[in-house]
Amino acid sequence: MKALIQRVKSASVTVEGNSVGAIDHGLLALVGVEKGDSEVDADKLLHKLLHYRVFSDEAGKMNHNLQQAQGGLLLVSQFTLVADTRKGLRPSFSSAAPPDEGERLFNYLVSQARAAWPHIAEGQFGADMQVALVNDGPVTFLLES
């Protein structure tokens with residue numbers, strides 16, 4: 001399981017002109033589910049999302065995590081994140097989990113996140129989403145479980 005995280009001042013997801021998820025400051029996490037991923041992988045990824053230290057402390061150092069910064073977490077499914085781009089000029093999605101399994105694990109991640117932290121928002125699995133964000137930094141990391 002992978003998540004491309006970006007520290008944001010704000011982020012939102014729109015589907016067919018309707019806002020389905022939004023946060024103020026926090027993390028936007030684009031989440032990809034690979035074949036063979038499990039709830040254990042989702043739990044590991046969630047731990048990193050909540051505890052990865054990417055927010056500035058009083059001295060300006062990245063020492064605070066999402067919870068210490070009282071930030072929101074916007075989870076957006078993105079199967080293209082797990083594409084194999086090493087060969088040729090067309091991405092291969094052979095390593096992506098089948099849609100039903102990807103949706104199940106993404107929904108599990110969201111439910112576990114909601115149980116652990118009150119400031120959770122999400123996109124809509126499988127939808128054509130428009131994601132808007134105001135990057136903070138920019139600060140971007142690729143997390144893997």
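Start at zero, step by 5 Å, and the Cα-Cα distances of the range 32-85 spread as 5, 16, 20, 20, 16, 12, 8, 3, 0 percent across the bins. When DSSP beta bridges are limited to those with both residues in the chain, what percentage is antiparallel, rounded to the nearest 5? Of all bridge pairs located within the chain, approximately 75 percent are antiparallel. Of the residues ILE23, ALA3, PHE125, the one whose Cα sits farthest toward the positive end of the charge dipole of the chain, with +1 on the Cβ of Lys and Arg and -1 on the Cβ of Asp and Glu, is ALA3.
In terms of the mean number of neighbouring beta-carbon atoms within 10 Å, the peptides 89-99, 12-22, 66-76, 103-113 order highest first as 66-76, 103-113, 12-22, 89-99. Rounded to the nearest 0.05, the FRET efficiency derived from the C-beta distance between LEU143 and LEU89 at R0 = 25 Å is 0.35. Whole percent per 10 Å bin, from 0 to the bin with the longest distance: what is P(r) over all C-alpha pairs of the range 78-145? Histogram of Cα-Cα distances, whole percents per bin: 15, 38, 39, 8, 0.
Model label sites at VAL20 and ARG53, defined 7 Å from Cα along the beta-carbon direction, differ in position by 3.6 nm.
Modelled this way, with points 7 Å down the Cα-to-C-beta line, the labels at GLN130 and ARG114 are 2.6 nm from one another. When restricted to Cα atoms, the range 1-68 yields an Rg and a Dmax of 14.0, 42 Å, respectively.
An ellipsoid equivalent to the range 17-110, defined through the eigenvalues of its Cα gyration tensor, has semi-axes of 28, 16, 14 Å when rounded to whole angstrom and sorted largest first.
Only the coordinates and a few stated rules stand behind these numbers; no lab work does. Keep in mind it's a predicted model, so treat the numbers as computed, not measured. Heads up, the Cβs are rebuilt from the backbone with ideal geometry, glycines too, and the neighbour counts pull from every protein chain shown.
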